[in-house]
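Each remark here refers to the structure printed beneath this line.
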Amino acid sequence: MTTERSAFREARNRLMSLGIGLLFMGHVFPLCAADYASVRTHEGNSALPVSLTTLERELLEDVRDGRLDRFDLIEAGLIASGATDPVLLSRYKRRFSHLQQHALLSIPYLMHTEQMAAELFHYLHRYVLRQFDTRPVTVINLLSDGRYNCITASWLYIALAQRYDLPATVIKTPMHAYVRLETRPPIPIEMTVPVGGVDHAQTREQVIQTLLDAGLVDPSQIESHGADDLFLEYQRHQFPLEPVQILSVLFYNSALHAFERGDPHLAFRNALGAQLSHPEDRQYQQLTFDMGLAYATFLRQRGDHDGESGIVTYLRGMKQMFASNVPVGF
């Protein structure tokens, strides 16, 4: 996800316009604590209704314990963003390695933490981050042509910050993601603001304006909900993301990107990646249902009734695990 609600809302509106599975749309299927382990261990993965690549399977196996062990954040982000075969993964790892080497040569290591964090931010906006996009774009887009959104730019910053031992964290909000330098006091780093993004002011007016400029809210939402309520929601529901949670957001982001490009198969596959890597998150449960319904509809329109049946069966099984009292919408 991108984490932007606007993109997800538009995607779901398009799903609704298809007339698919309307009784499923809008439902949330909470997991009880006893269910977490069974989903986290990916029971029944062999019965997934779509085929995953070897790298995707290995990555999801790696995060069964909620941690990245075999893969690092760079590899995981690339796989979640589309580098799902060894040749493509190797190509983009080389691109990242060249970028990293250039950054290490350009930014002096012997600086105060705050100075080094600011230099890294300015370096990325000078040489890498070319165009902010409110639409879902992936890590592959970022490394290929410089198009970025809040989560892909934050991923890149964190990946490079690790090389400098900077205490940086990705912070997720209900509508957005940004970087926070864990100093005293903490320093917010807004990757979507090329000028003034370091120690970016988080007053009500600044936050609302940033969300408006990024297309994450629109004036009608401010009018209906009120700027104070939106700002309080933004403040209350912020939390740091662990590496596996960053991976899940990148899968989410890739699902929306694929859906917008008219590829329901890849959208559903990436939605499964988000849900299987972080099954506790209700948003990913809902995303999997929505993208699964879109893909089932696509298969039905093509006359692939066996494929459609496989998707429907899988979604019904998910429904039974998540909330057995929710009526099936087929």
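Points worth noting:
- Distance histogram in 5 Å bins (all Cα pairs of region 198-324, percent per bin): 2, 10, 15, 15, 15, 15, 13, 8, 5, 2, 1
- Region 177-239, dipole about Cα centre (Lys/Arg Cβ +1, Asp/Glu Cβ -1), debye to the nearest 20: 300 debye
- Within region 127-227: Cβ-based charge dipole about Cα centre, in debye rounded to nearest 20 (Lys, Arg +1; Asp, Glu -1): 260 debye
- Full extension of the segment from Leu212 to Glu182, taken as 0.36 nm per residue of separation minus the current Cα-Cα distance, would add 8.1 nm.
- Protection proxy ranking of 186-193, 293-300, 272-279 - average other beta-carbon atoms within 10 Å, highest first: 272-279, 293-300, 186-193
- Given +1 at the Cβ of Lys and Arg, -1 at the Cβ of Asp and Glu and no other charges, the dipole of region 217-309 around its Cα centre is 340 debye to the nearest 20.
- Label-to-label distance, nm, for residues given as Gln101 and Glu242 (7 Å Cα→Cβ offset): 3.5 nm
- Residue among Tyr109, Tyr92, Leu120 farthest towards the positive dipole end of region 74-127, charges placed on Cβ: Tyr92
- The Rg/Rh ratio of region 99-185, with both radii computed over alpha carbons and Rh defined as the Kirkwood radius, is 0.96.
- Alpha-carbon centroids, region 66-113 and region 275-310: separation in whole Å: 30 Å
- Listed residue (Val244, Val217, Pro194) projecting farthest to the positive dipole end of region 193-293, Cβ model: Val244
- Relative contact order (%) - criterion: Cα under 8 Å, at least six apart; region: region 170-237: 26 percent
Bear in mind that the values in this text are calculations on the coordinates, not laboratory data. Since the structure is predicted, the reported quantities are computational estimates derived from the model, not experimental observations. Every residue, glycine among them, receives a Cβ derived from its backbone with ideal geometry; neighbour counts consider all protein chains shown.
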